[in-house]
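The values are calculated or read from the model by the stated rules, or taken from the named source; none is laboratory data. Keep in mind that what you see is a predicted model, and the values were worked out from it rather than measured. When we count neighbours, we look across all protein chains shown, and the Cβ atoms used for this are built from the backbone with ideal geometry, even at glycine.
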Amino acid sequence: MKILLSLLVGATGALAKAPYYLTETVPLPMGEIVEVSAIALMPEKKVAIADRRGQIWIGTGLYEDDLSKVSWSSFAKGLHEPLGMHWRDGSLIVQQRTELTRLTDTNQDGRADDFSCLCDAWGATHDYHEYAFGSDPDVNGDTWAVLCLTGSSRTASDWRGWAIRIDQAGKMHPEVSGVRSPGGIGFNPQGDLFYTDNQGLWNGSSSLKWLKPGGFVGNPTGNVTAKKFGLPAPPQPKSKSRIQIEREKDPRIIPPAVVFPHAKVGQSPTAVVPDLTEGKFGPFAGQVLVGEQTHSEVQRVDLEIVNGFYQGAVFKFLDSYSSGIVPMRLAEDGSLFAGGTNRGWGSRGRQPFSLERTRWLGKVPFEIKTMRVSPTGFKLTFTKKVDKILASNPKNYKMAAWTYIYQKSYGSPEVDRAKPKVIAAEVSEDALSVEITVKDRVQGHVHHLDAKALNSTDGESLWHSDAYYTLNEIPFATSSDN
């Protein structure tokens with residue numbers, strides 16, 4: 001097996017995210033254009049990366065403190081834009097645009113020599129936008145894929161605009177309709193599946209959406225495939241309406257779990273990664289990290305289920321990556337690997353491609369850890385003790401709310417603005433949480449909380465003071481709430 005030397009590609013040196021996280025450039029194969037599009041963690045601390053041009057490389061040394069010793073070997077070439085990859089039973093399972101493929105090195109020479117098609121039961125044209133993002137196995141060992149619309153706006157081949165499940169026998173099952181332009185797919189820590197969809201037709205802003213089997217996630221363009229194959233007709237929402245109005249008409253409509261307000265919290269969300277590190281990546285274990293291509297960032301999402309539907313808050317988290325993030329992997333030791341590309345889309349990170357590793361430095365930032373809904377407002381928890389005097393003053397919380405036009409046109413401005421008001425704030429005895437009572441919340445709206453007036457007990461300001469909570473459901477009051 002030929003081991004290739006490495007060349008530092010991307011931002012040189014290391015970049016600290018305040019004093020809390022350290023991001024370092026991982027050297028990539030010398031002389032190669034590696035627009036990283038998928039990452040898989042392998043045994044023996046090896047890491048596989050795929051690129052948009054169809055190559056797969058296997059690297060060693062990516063977990064070491066000294067990244068100059070990283071080395072790569074070529075494992076496969078000639079794939080069609082792989083956008084999902086995982087290691088299973090001695091093989092790499094790769095989601096290509098046109099098929100799910102198992103790649104195996106049967107003669108142990110370090111290169112794949114067996115390429116087995118596991119499923120290709122969907123259509124594809126020459127359109128550049130017909131991306132297919134693939135998941136890790138679910139609890140049953142099945143793999144899922146979200147299939148982008150043709151040109152992100154029409155259906156020129158079968159099952160475009162759908163989330164499909166591929167069982168271990170290779171049979172394809174259409175599970176969720178209404179997909180538009182996905183940027184990534186992944187599980188939360190509880191094992192439920194989500195994907196990110198981008199602002200566009202029937203999507204007022206980008207969002208994280210729950211792939212509930214049998215559900216419809218918003219865009220009716222792919223409904224023609226259901227008719228062609230004799231499936232029950234998915235919902236056909238009314239344009240110029242609101243998600244809240246339309247889901248009340250048809251319970252199959254699953255609202256976005258968390259909306260990412262356009263430009264305020266990125267504008268092209270991608271990878272979906274659960275934090276299962278039990279604190280090795282900081283104080284946010286059990287939450288979900290979401291990549292961001294255009295702004296070259298990582299966002300943090302806190303999810304909860306209310307009345308049977310997912311909702312929650314998104315917080316800005318890590319920024320200044322070298323390129324636009326597409327895939328991410330969070331290893332058990334707390335190493336976050338992020339792959340980047342800006343070809344065709346552009347990104348704040350100016351490098352054309354990159355691979356970077358982020359680690360927590362051990363210092364806890366003062367942050368709003370979670371924002372959860374209550375019958376009368378929201379409960380905030382913090383990573384450090386909050387100043388009780390500041391936190392008990394309702395004037396130190398600013399809130400605004402809005403929604404988006406649910407329409408077949410591209411995107412939407414923020415509309416139906418409301419002015420929820422924090423009228424009371426009760427700090428817990430340990431100063432790690434606050435219950436805020438909020439007047440005039442609006443179901444179906446994004447609620448923006450600005451808490452920059454708060455400090456920790458030692459005078460530290462919030463690292464990020466804004467939270468954006470998508471209020472799909474309001475819980476009922478119980479006797480203990482009265």
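For the reader, a short list of remarks on this structure follows.
- The strands (runs of 3 or more DSSP E) falling completely within segment 403-482 that include 3 or more residues that are of a type in the set (Ser, Thr, Tyr) and touching a residue at least 40 places away in the same chain (Cβ under 8 Å) map to 466-470.
- Scanning segment 59-88 for residues that are hydroxyl-bearing (Ser, Thr, Tyr) and not in a strand (DSSP E or B) yields Tyr63, Ser68.
- Checking each residue in segment 197-230 for being of a type in the set (A, V, I, L, M, F, W, C), part of a loop (DSSP other than H, G, I, E, B) and surrounded by 13 or more Cβ atoms within 10 Å (Cβ to Cβ) picks out Trp202, Leu211, Val217.
- Checking the stated criteria, Ser374 turns out to be of a type in the set (Gly, Ala, Ser) and out of contact with any Gly (no Cβ under 9 Å at 6 or more places or on another chain).
- Unmet criterion (only one of (1) crowded, with 19+ Cβ neighbours inside 10 Å; (2) at negative phi) for Gly312: (2)
- Of all the residues in segment 33-52, those that are free of Cβ contacts under 8 Å to residues at least 24 places away in the same chain and either in contact with a Gly (Cβ under 8 Å, 6 or more places away or on another chain) or under 16 Å from Arg343 (Cα atoms) (or both) number 1.
- Any hit, segment 450-469, residues being under 18 Å from Ser206 (Cα atoms), outside the structural domain of Gly200 (by TED's automatic domain parsing), β-branched (Val, Ile, Thr) and at pLDDT 95 or above: no
- If you go through segment 158-171 and keep only what is over 19 Å from Lys209 (Cα atoms) and either out of contact with any Phe, Trp or Tyr (no Cβ under 7 Å at 6 or more places or on another chain) or free of Cβ contacts under 8 Å to residues at least 24 places away in the same chain (or both), you end up with Ile166, Asp167, Gln168, Ala169, Gly170, Lys171.
- Residue count, segment 390-406 (criterion: farther than 18 Å from Thr437 by Cβ and among the aliphatic types (A, V, I, L, M)): 1
- Top-ranked residue of segment 334-357 - restricted to ones that are charged (D, E, K, R) and more than 12 Å from Val47 (Cβ to Cβ), ranked as surrounded by the fewest Cβ atoms within 10 Å (Cβ to Cβ): Arg350
- In segment 131-161, the residue that is farthest from Pro220 (Cα to Cα) out of those that are among the hydroxyl-bearing types (Ser, Thr, Tyr) and in contact with a Pro (Cβ under 9 Å, 6 or more places away or on another chain) is Thr143.
- Members of segment 360-372 found to be buried (at least 17 other Cβ atoms within 10 Å of the Cβ) and touching a Phe, Trp or Tyr at 6+ places or on another chain (Cβ under 7 Å), listed by number: Trp360, Pro365, Phe366, Glu367, Ile368, Lys369, Met371, Arg372
- Filter pass, Pro189 being surrounded by fewer than 23 Cβ atoms within 10 Å (Cβ to Cβ), in contact (Cβ under 8 Å) with a residue 40 or more places away in the chain, on the phi < 0 side of the Ramachandran plot and assigned to a strand (DSSP E or B): no
- Within segment 403-420, the residues that satisfy the criterion of being crowded, with 19+ Cβ neighbours inside 10 Å and among the aromatic types (Phe, Trp, Tyr) are Tyr404, Tyr406.
- The residues of segment 253-282 that are surrounded by fewer than 16 Cβ atoms within 10 Å (Cβ to Cβ) and in contact (Cβ under 8 Å) with a residue 24 or more places away in the chain, listed by number, are Lys264, Leu276.
- Wholly within segment 329-390, strands (runs of 3 or more DSSP E) carrying at least 1 residues that are modelled with pLDDT of 95 or more and within 19 Å of Leu449 (Cβ to Cβ): 368-373, 377-382
- So Val265, is it of a type outside the set (S, T, N, Q), assigned to a strand (DSSP E or B) and assigned by TED's automatic domain parsing to the domain that holds Ala40: no
- If you go through segment 62-79 and keep only what is closer than 16 Å to Phe337 by Cβ and out of contact with any Gly (no Cβ under 8 Å at 6 or more places or on another chain), you end up with Leu62, Tyr63, Glu64, Asp65.
So that you can scan it fast, the table gives a plain yes or no per residue for (1) assigned by TED's automatic domain parsing to the domain that holds Gln96; (2) in contact with a strand residue (DSSP E or B) (Cβ under 6 Å, 6 or more places away or on another chain); (3) in a helix (DSSP H, G or I); (4) buried (at least 21 other Cβ atoms within 10 Å of the Cβ):
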position: Thr23; (1), (2), (3), (4): yes, yes, no, yes
position: Val34; (1), (2), (3), (4): yes, yes, no, yes
position: Ala38; (1), (2), (3), (4): yes, yes, no, yes
position: Glu44; (1), (2), (3), (4): yes, no, yes, no
position: Ala48; (1), (2), (3), (4): yes, yes, no, yes
position: Gly54; (1), (2), (3), (4): yes, no, no, no
position: Trp57; (1), (2), (3), (4): yes, yes, no, yes
